[in-house]
Amino acid sequence: MAETLSKQEAKHVAELAKIRFTDAELDVIVGQLGNILTLVDTLNEVDTTDVVPTYSVTENVNMFRDDVADNWNQKTDLLNNAPQQQDDMIKVPAILDGGDN
Amino acid sequence: MDNFLNLDIKTVHESLVNGQTTVVELTQKALEFIHSRDEELNAFISIDDEGALKRAEELDAAGIQEDNLLYGIPMAHKDNIVTKGLKTTSASHILENFVPVYNATVVEKLNEAGVVVIGKTNLDEFAMGGSTETSFFGQTKNAWDATKVPGGSSGGSAASVASGEVLFALGSDTGGSIRQPAAYNGIVGLKPTYGRVSRWGLMAFSSSLDQIGPLTRTVRDNALVLNAIAGYDDHDATSSQKEVPDFTAKLGQDIKGLRVAVPKEYFSEGVNEEVAEAVRAGITKLEELGAIVDEVSIPHTKYGIAAYYILASSEASSNLQRYDGVRYGLSERSGDTLEDMYVNTKTEGFGPEVKRRIMLGTFALSAGFYDAYFKKAAQVRTKLIQDFENIFKDHDVIVGPTAPTVAFGLGEEDDDPKTMYMNDMLTIPVNLVGLPGLSINAGFNSENMPIGMQIIGNKFDEQTVYQVAYAFERATKLYEKIPGGDK
């Protein structure tokens with residue numbers, strides 16, 4: 001495991017997370033995450049050879065339901081929550097630079 | 001009645017049935033008290049005066065249901081549980097004005113039972129924290145001492161119940177967020193077994209750990225509320241199809257011969273002496289009541305926090321991706337492109353603690369680090385599950401402190417997230433393993449702050465947890481002591 005997180009790595013992670021930090025904020029984050037990762041490194045003391053990872057403790061395996069629409073007539077309510085709408089559709093900014101909305 | 005401090009659900013129900021009061025009167029008094037008490041406490045993000053009074057009138061008009069204890073009872077939901085037409089924010093700027101179009105399953109179930117929803121309670125932003133200090137809507141105070149934190153993340157729910165603003169509230173618990181604030185406020189809080197209560201409509205933080213549960217002043221009230229909210233829900237594929245028993249059925253049964261395991265790790269260095277002393281006295285009380293107490297070991301306890309912060313943050317970084325400014329919530333559109341909107345919205349909308357956890361989770365899931373962090377943590381989770389399975393082979397419950405300390409001072413511990421995270425070391429393993437855990441008041445420290453004792457049960461055995469808690473409560477009657485003076 002990496003003992004600490006470099007500022008360069010932190011910048012990359014911030015890009016993946018789509019959050020922007022100032023340089024000063026990033027320094028704080030690097031320090032705090034470094035502390036947390038030091039704590040996380042203690043996990044290496046545990047021998048987990050051949051141990052099956054647990055991602056959920058639910059006892060359910062596969063859940064099926066009939067393919068029936070339920071609670072469906074809410075278009076207006078849902079659109080009312082949209083920051084911008086036009087012609088019964090949700091409006092977003094251009095996906096590519098220089099494009100129209 | 002000025003508030004609910006000396007009351008329980010059954011007593012209030014009886015006064016409704018015999019006509020001493022009405023739902024409207026109860027609701028008016030609750031609202032009146034909340035508006036004055038909450039000036040200091042700040043337990044609520046939204047108080048729904050109009051909706052609550054309208055609802056109360058409807059319930060009075062329909063007639064009190066004699067066999068339905070929750071009918072007409074004023075209560076509150078943590079503000080990460082969605083309520084149709086009533087603003088639900090998760091205490092975040094990014095959802096500051098969000099109004100849901102549907103009710104969470106627990107809200108539907110309680111509405112069917114006839115409760116009056118008074119409002120929505122404060123929490124740490126997206127339930128990430130143990131002090132309610134990361135809320136966008138300001139700090140909630142402890143019901144016993146306004147210079148102390150109420151704990152968190154269900155700090156508003158705990159403070160509102162402990163101060164007598166409402167009879168009960170729902171909270172959510174991902175790493176201790178019901179039990180720790182219940183401990184800090186001297187009330188009863190239960191995190192049910194994973195899958196016992198539907199998570200549909202609970203704003204997801206960590207899907208493999210989150211559970212909704214009740215915060216109440218007494219054990220019986222707690223069991224009554226769980227009766228109403230438990231059960232399979234086809235909207236939540238992780239909810240259990242197991243039969244839901246009557247959780248009050250074992251209340252009053254004696255605990256002679258019941259096997260209580262006391263993990264030595266739960267009294268380790270980090271646990272404050274006064275806390276340890278009060279909880280040890282509590283365990284002695286259980287022994288006097290006939291329980292057989294053994295000291296045991298849960299060797300992987302100390303790895304719980306590290307595993308938790310990787311798993312919970314990873315799941316959170318995935319769950320919180322949805323807040324992107326497209327369909328609802330805050331949307332910062334000053335930039336030119338869609339990408340600018342994503343980045344500006346998240347940067348502006350999330351607070352520092354949420355950003356920190358998204359960063360940690362994104363890192364743990366990123367290429368090259370996944371096996372070392374996420375998978376490793378999930379393997380340690382398996383080891384912890386095995387520890388608990390071993391204990392429950394020959395024990396009925398596990399008992400120890402809920403939190404290592406009593407409520408700390410406002411602003412005291414938020415500088416170093418690592419220290420803050422250590423507060424969760426005794427509650428986190430219960431979420432990782434998926435067990436039911438309850439906190440009950442076990443006494444007070446020299447500063448008159450409540451100390452929580454945690455009772456952990458085997459999977460889907462909330463009944464025995466309640467049985468032990470009830471026996472302890474009847475023997476100690478600590479609930480008679482209330483903030484601001486004895487009963």
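Since every read-out is calculated from the coordinates, none of them should be taken as a lab result. Here the structure is a predicted model, which is why all the values come from computation and not from measurement. Ideal geometry is used to build each Cβ from the backbone, glycine not excepted, and the neighbour counts take in all protein chains shown.
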Expected 222 nm ellipticity per residue - DSSP helices of 4 or more, -39500 (n - 2.57), all of chain B, to 500: -11500 deg cm²/dmol
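Is region B:148-235 rounded, prolate or oblate when judged by the Cα gyration tensor, a ≥ b ≥ c being the square roots of its eigenvalues, rounded requiring a/c under 1.5 and prolate requiring a/b larger than b/c?
oblate
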Packing-based ranking, highest mean first, of B:421-427, B:211-217, A:13-19, B:53-59 given that Cβ atoms within 10 Å are counted: B:211-217, B:421-427, A:13-19, B:53-59
Shielding by partners, peptide B:353-363 (average Cβ within 10 angstrom, other chains): 6
Average partner coverage of B:90-100, which counts Cβ from other chains inside 10 Å: 1
Hz values of 3J(HN,Hα) by residue in region B:103-120 - Karplus curve (6.51, -1.76, 1.60), Gly and Pro given as x: 9, 4, 4, 5, 5, 4, 4, 5, 4, 4, 6, x, 6, 10, 7, 7, x, 10
Anisotropy class of chain A from Cα gyration tensor, a/c 1.5 cut: oblate
Nonlocal amide H pairs with B:Phe44, under 5 Å, H built at 1.01 Å: B:Asn122
Cross-link partners of B:Lys141 among aspartates and glutamates (Cα-Cα below 12 Å; sequence separation of 8 or more within a chain): B:Asp38, B:Glu39, B:Glu40, B:Glu133
HN-Hα J in Hz across region B:430-440 - Karplus 6.51, -1.76, 1.60, θ = phi - 60°, x for Gly and Pro: 4, 6, 4, 8, x, 8, x, x, 10, 10, 9
Label-zone membership for region B:223-261, site A:Asp66, 7 angstrom Cα→C-beta point, backbone N under 12 Å: none
Within-14-Å neighbourhood charge of B:Glu40 [Cβ basis; K, R +1; D, E -1]: -1
Sites A:Thr49 and A:Asp87 - FRET efficiency at Förster radius 56 Å, r taken between beta-carbons, to 0.05: 0.40
Structure-based [θ]222 nm, chain A - -39500 (n - 2.57) summed over DSSP H runs of at least 4, per residue, nearest 500: -10500 deg cm²/dmol
Average beta carbon contacts from partner chains per residue of B:224-235, 10 Å cutoff: 1
For the protein assembly as shown: rounded, prolate or oblate by the Cα gyration tensor [a/c cutoff 1.5]: oblate
Inter-site label distance for B:Leu289 and B:Asp2 at 7 Å from Cα along Cβ, in nm: 3.2 nm
Sequence-distant lysines (8 or more away, or on other chains) whose Cα lies within less than 17 Å of B:Lys346: A:Lys11, A:Lys18, B:Lys355
Angle between chain A longest axis and helix A:23-40 axis [Cα atoms, degrees, rounded to 10]: 60 degrees
Contour excess over end-to-end distance, with Cα ends at B:Lys256 and B:Asn68 and 0.36 nm allotted per residue: 64.5 nm
Amide H within-cut-off set for B:Lys148, under 5 Å, with H built and near neighbours excluded: B:Asn142, B:Leu410
J(HN,Hα) series, region B:198-208, from Karplus relation 6.51 cos²θ - 1.76 cosθ + 1.60, nearest Hz, glycine and proline x: 5, 9, 4, x, 8, 4, 5, 10, 10, 4, 8
Dipole of the protein assembly as shown, positive end: most advanced residue of A:Pro83, B:Val343, B:Val244 [Cβ charges, Cα centre]: B:Val244
Highest-first arrangement of A:54-60, B:431-437, where packing means the average Cβ count within 10 Å: B:431-437, A:54-60
Estimated distance in nm for a label pair at B:Lys84 and B:Glu57, the labels positioned 7 Å out from Cα along Cα-to-Cβ: 2.0 nm
Listed peptides A:22-29, B:166-173, B:149-156 by packing density, highest first (mean Cβ within 10 Å): B:149-156, B:166-173, A:22-29
